[in-house]
Amino acid sequence: MARVLRWMLPFAASQALLEEQILVVTRHGIRVPFPPLDKVPFSFYSTDAERDWFTNFSDWGADQVAGLTDHGQEVIRKMGAHFGETLLKNLSKDFFIYSAVDSTKRDIKTAISFFKGAYPEANVTEADMFGPGDEHQQSYIRTLLNQGDINTPQCVGSATLPDVIKGETGGDLSALSIEQQENIMEVNDYFSCCRPELCKLKGDLSPSGACTLMNLRTDWEGQHFYWEDFTGPLTVAAKLMEYVQLVYLNGMDWKKLVPDMTEAGLAKLMHLHEQSMSMADEYWNAQNSGSELLVHMAATMQQYITGTGISGLQSKPGDALVYYAAHDINIYL
């Protein structure tokens, strides 16, 4: 949830190490999950009509899909309080906040929650952040916290996403689903998946008339962002597992959704989500989408060391805490 770059400078007189500045990078807190497939009813994923999918946003303590939950905000606040009592305890209260911006404001709310715990007296609001402001700020943040959706002549992707994935799978987009069939079918069994309507809509029924996750078609859906643009058994199983994980992390009764799943099973099968998300994670795209943040952080440290401002940075040389309310893919890369 948080990445901390904690660094120190040698104190010349005693050769002791003196902590000077902390850079914190957070991913947004616990959110309401997206549905596994767009415009497909949750009821299609189980033959057991009693499964509880928690489809009301109020069940989550949120107001929309992908919105930060009340529990998610409290977890971040407690994390901030821990930082305030430990890593930030002896630092000055000079800080600067960069925040990613999306329609749910979950990154902004994450930053506010962190500072409610770390520096409650500061009463941090959206107005105290760089990012949510005018178009200049938003453009700056889109580049700094690159989500893989920036493709310019100066920073081009190595290939189209289909070519990247075909290179990893030997030319067959369904190869990874076949490789992970045993784990996918384990997810299938935990959900008692699937109703025939799902395969009629997104796949083909087996000769016996059964519908499982492995009966779903692997379809290319079109490239919008580079990390996820086709669907099939692996990606749907991965999203089902992410759904369970978020129910679990939000403190809800996850057994109403998957009554036979254990915590060990949850942990084991989450690797499907990791594999699904990493399909397009190759060296060139990672460099292009991750280098802006790395260079920005290095420049922020240099600015602090020299005491001289660097053009392009928004923080001041004396800021002891620089906080990046990032999103997710930019950290992953």
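The values are calculated or read from the model by the stated rules, or taken from the named source; none is laboratory data. Keep in mind the model is a prediction, meaning the values are calculated, not measured. Quick reminder, even Gly has a Cβ in these numbers, built from the backbone with ideal geometry, and neighbours come from all protein chains shown. Ligands, DNA and RNA are excluded from the accessible area calculation, which covers all protein heavy atoms including side chains. Shrake-Rupley method; radii C 1.70, N 1.55, O 1.52, S 1.80 Å.
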Find the residue count for the stretch 129-143, including only residues that are assigned to a helix (DSSP H, G or I) and within 23 Å of the chain's Cα centre (by Cα).
7
Sort through Lys78, Lys89, Lys116 and tell me the only one that's at pLDDT below 95 and open to solvent by 40 Å² or more (accessible area, probe 1.4 Å).
Lys89
Between a residue in the stretch 290-301 that is within 14 Å of Phe96 (Cα to Cα) and any residue that is at pLDDT below 85 and surrounded by 15 or more Cβ atoms within 10 Å (Cβ to Cβ), which pairs come within a Cβ distance under 9 Å, given they are 6 or more apart or on different chains?
Met297/Leu5; Met301/Leu5
Within the stretch 170-203, tally of residues that are under 15 Å from Asp219 (Cβ atoms), touching a helix residue (DSSP H, G or I) at 6+ places or on another chain (Cβ under 6 Å) and among the acidic types (Asp, Glu):
0
Could you check, for the stretch 245-265, whether at least one of its residues is in a loop (DSSP other than H, G, I, E, B) and under 25 Å from Lys166 (Cβ atoms)?
no
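Can you tell me which residues in the stretch 202-218 are outside any helix (DSSP H, G or I), closer than 19 Å to Phe42 by Cα and open to solvent by less than 50 Å² (accessible area, probe 1.4 Å)? Give the derivation first.
Our first condition is that a residue be outside any helix (DSSP H, G or I); within the stretch 202-218, this holds for 203-212, 216-218.
Those still in the list that are closer than 19 Å to Phe42 by Cα too: 203-205, 210-212, 216-217.
Those that are outside any helix (DSSP H, G or I), closer than 19 Å to Phe42 by Cα and open to solvent by less than 50 Å² (accessible area, probe 1.4 Å): Gly203, Ala210, Cys211, Thr212, Leu216.
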Output for the stretch 243-272, where each listed residue is under 17 Å from the mean Cα position of the chain (by Cα), over 18 Å from Glu182 (Cα atoms) and open to solvent by less than 30 Å² (accessible area, probe 1.4 Å)
Tyr243, Val244, Leu246, Val247, Asn250
Quick one: count up the residues across the stretch 35-67 that are at pLDDT 95 or above, of a type outside the set (D, E, K, R) and open to solvent by 30 Å² or more (accessible area, probe 1.4 Å).
12
In contact with a Phe, Trp or Tyr (Cβ under 6 Å, 6 or more places away or on another chain), modelled with pLDDT under 75 and open to solvent by 70 Å² or more (accessible area, probe 1.4 Å): does that describe Asp163?
no
Among the residues of the stretch 21-34, the number that are in contact with a strand residue (DSSP E or B) (Cβ under 9 Å, 6 or more places away or on another chain), in a loop (DSSP other than H, G, I, E, B) and open to solvent by less than 60 Å² (accessible area, probe 1.4 Å) is 4
If you go through the stretch 308-333, how many residues are open to solvent by less than 30 Å² (accessible area, probe 1.4 Å), part of a loop (DSSP other than H, G, I, E, B) and among the hydrophobic types (A, V, I, L, M, F, W, C)?
3
I need a count of the residues in the stretch 37-66 that are more than 20 Å from Leu201 (Cα to Cα), in a loop (DSSP other than H, G, I, E, B) and free of Cβ contacts under 8 Å to residues at least 40 places away in the same chain.
6
Could you run through the stretch 98-113 and say how many residues are in a helix (DSSP H, G or I) and open to solvent by less than 10 Å² (accessible area, probe 1.4 Å)?
5
